[in-house]
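Every read-out reported here was derived from the displayed coordinates using simple, explicitly stated rules and does not represent laboratory data. Fair warning: this is a prediction, and the values are worked out from it, not measured in the lab. Heads up, the Cβs are rebuilt from the backbone with ideal geometry, glycines too, and the neighbour counts pull from every protein chain shown.
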Number of protein chains: 2
Amino acid sequence: MNIGEVAKRIDMPVKTIRYYEDIGLIRPLRDTNAYRVFRETDMHKLAFLGRARALGFSIEDCRTLMALYEDESRESADVKQLAQEHLRQIEDKIAQLQSMQATLKDLVHACAGDDRPDCPILRDLASH
Amino acid sequence: MNIGEVAKRIDMPVKTIRYYEDIGLIRPLRDTNAYRVFRETDMHKLAFLGRARALGFSIEDCRTLMALYEDESRESADVKQLAQEHLRQIEDKIAQLQSMQATLKDLVHACAGDDRPDCPILRDLASH
DNA sequence: ATAAGGGCTCCAGTCACTGGAAGGTCAAGG
DNA sequence: CCTTGACCTTCCAGTGACTGGAGCCCTTAT
C-alpha cells in the first residue's frame with residue numbers, strides 16, 4: 001500500500017509517517033520506483049504510535065512502548081512504570097494550567113472590557 | 001545594573017533576558033565595555049513579561065500586552081479579548097489533558113505491574 | 001600576575017512535526 | 001503519443017521559547 005492510502009486509513013499526515021520512518025520507528029519496504037510500500041505490520045505500528053501519541057506519550061516513550069510490545073518476555077511492571085510517570089506529568093501540567101485558569105478567570109471577570117483604558121488585567125501584570 | 005543582578009532580582013535566567021532583547025521586547029542601554037545596563041523601566045518590563053509568561057501568554061501575546069500597557073489610549077476591551085481567547089485555549093488544553101488522564105488512570109489501574117508480560121496498557125494501544 | 005567570576009557574541013540543539021521547492025512516476029483522457 | 005493532474009520522492013528551513021556551549025573579553029581580589 002502507498003503512503004497516501006495509509007495516511008487516509010489511519011488518519012495520520014503523510015509527512016508524519018515519513019518522519020516516523022526517518023527516526024526509525026517504522027521500516028516500510030520500497031518498490032522499484034522508490035515508493036514506500038506498507039505491510040500490515042507497518043500499519044499496525046503506525047496505529048499503535050497514533051494512539052500512544054494521542055495519550056500524550058513522547059516519541060521516545062513511544063519507541064520504548066513499541067519495544068516492550070514486541071518483547072514477548074517483557075514485564076508489565078516496566079510498562080506500568082512508564083505510564084505512571086507519564087500520568088504524573090500530565091497531572092502536574094493540569095494543575096499548572098488550572099492555576100493559570102483561576103487567575104485569568106478572575107482577571108477577565110474584573111475587566112470591564114469597554115472603550116476606557118483602565119484595565120485590571122494590565123494592572124495585575126504590572127504590579128506585584 | 002548588570003544582567004546577572006537583574007536576573008537574580010526578578011528571578012529570570014540571564015539567557016532569557018538576552019533572548020528578550022534579541023526579539024525586541026526590551027532595549028537595555030550599553031556601557032562602554034558593551035555590558036548591558038538595565039534601568040528601572042527595563043526591570044519593570046521584564047517583571048511584566050515574567051508574569052504574563054507565567055499566565056501562559058505567548059511571546060507575541062506578551063508583545064501585544066506590553067504595547068497595550070504603554071498605550072495610554074488603549075481600550076480595555078482589547079486586553080480583555082486577548083485574555084479571554086487565551087483563557088479559552090487553556091481550558092481546551094485542560095480538557096484534552098483530563099481526557100488523557102482519565103484513560104491513563106484506567107489503564108494504569110488495570111495493569112498488574114508485575115513480572116508477567118500480560119499488559120492491558122499495551123493491549124489497548126495495539127487494539128481498537 | 002593570576003585566578004575566579006562576571007560579561008559578550010554566535011551557533012547548534014531541543015520537540016514533533018510542517019511547509020515548500022524541485023523533481024520523478026503513474027493512470028486516464030484526447 | 002501527449003498532456004494533465006494526482007501521486008510520490010528527497011532535502012532544507014521554520015516553528016516556540018528558550019538552553020547549552022565554545023571562545024573570547026572585562027573586572028576584581030589576592
Any chance you could list P(r) for the protein assembly as shown, counting all Cα-Cα pairs in 5 angstrom bins from zero, rounded to whole %? 1, 5, 10, 11, 10, 10, 10, 9, 10, 9, 7, 5, 2, 0
From the phi angles alone, apply the Karplus equation (6.51, -1.76, 1.60; θ = phi - 60°) to region A:116-128 and give each ³J(HN,Hα) in whole Hz, x where the residue is Gly or Pro. 8, x, 4, 8, x, 5, 5, 4, 5, 5, 7, 9, 5
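Could you pull out the pairs from A:K105/B:K45; A:K8/B:K80; A:K93/B:K15; A:K8/B:K93 whose alpha carbons sit more than 31 Å apart here?
On the way: A:K105/B:K45 23 Å; A:K8/B:K80 41 Å; A:K93/B:K15 24 Å; A:K8/B:K93 26 Å.
Flagged as over cut-off: A:K8/B:K80.
Grab the Cα-Cα distance for B:Q98 and B:A77, subtract it from 0.36 nm times how many residues apart they are, and report the gain in nm with one decimal. Display every interim value, and only then the final one.
On the way: separation 21, 0.36 × 21 = 7.56 nm, distance 3.10 nm.
Taking B:Q98 through B:A77 to full extension adds about 4.5 nm, to one decimal.
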Largest-first principal axis extents of the Cα set of region B:75-128 (Å): 64, 21, 12
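Of the trypsin sites (Lys or Arg not before Pro) in region B:2-74, which ones lie in a loop per DSSP and count no more than 14 other C-beta atoms within 10 Å? Don't skip to the answer; put the middle values down first.
Numbers: sites: B:K8, B:R9, B:K15, B:R18, B:R30, B:R36, B:R39, B:K45, B:R51, B:R53, B:R63, B:R74; in loops: B:R39, B:R74.
Of the trypsin sites (Lys or Arg not before Pro), the ones in loops of region B:2-74 whose Cβ has at most 14 other Cβ atoms within 10 Å are B:R39.
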With only Lys, Arg, Asp and Glu charged, each at its Cβ (+1 for the first two, -1 for the last two), find how big the charge dipole of chain B is about the Cα centre; round to the nearest 20 debye. 420
Would you kindly work out the equivalent ellipsoid of region A:1-74 from its C-alpha gyration tensor and give its semi-axes, the square roots of five times the eigenvalues, largest first in whole Å? 21, 14, 11
Nearest-to-axis residue of chain B, judged by beta-carbon position, where the axis maps B onto A, in Å: B:I94, 3
Per residue of A:56-69, count partner chain C-beta atoms within 10 Å of its C-beta, then hand back the mean as an integer. 2
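Okay, helix-only estimate at 222 nm for chain A: each DSSP H run of n ≥ 4 adds -39500 (n - 2.57), divide by all residues, round to 500 deg cm²/dmol; what do you get?
Result for chain A: -22000 deg cm²/dmol, rounded to the nearest 500.
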Let me know the Rg and Dmax you get for chain B when you use only its Cα atoms, in Å. 22.8, 68
Would you kindly state how much longer the chain becomes between A:R9 and A:D118 on full extension, computed as 0.36 nm times their sequence separation minus their alpha carbon distance, in nm to one decimal? 33.9 nm
As I understand it, the dipole of region A:1-74 uses +1 on the Cβ of Lys and Arg and -1 on the Cβ of Asp and Glu, about the Cα centre. Which of A:A52, A:Y35, A:Y20 lies farthest toward its positive end? A:Y35
Once amide hydrogens are built 1.01 Å from N within the peptide plane, the residues lying 5 or more places from B:V37 or on another chain with amide H under 5 Å from its amide H are B:L29, B:R30, B:D31
Rounded to the nearest 0.05, what FRET efficiency is calculated for B:A54 and B:I23 with R0 set to 22 Å and r the Cβ-Cβ distance? 0.75
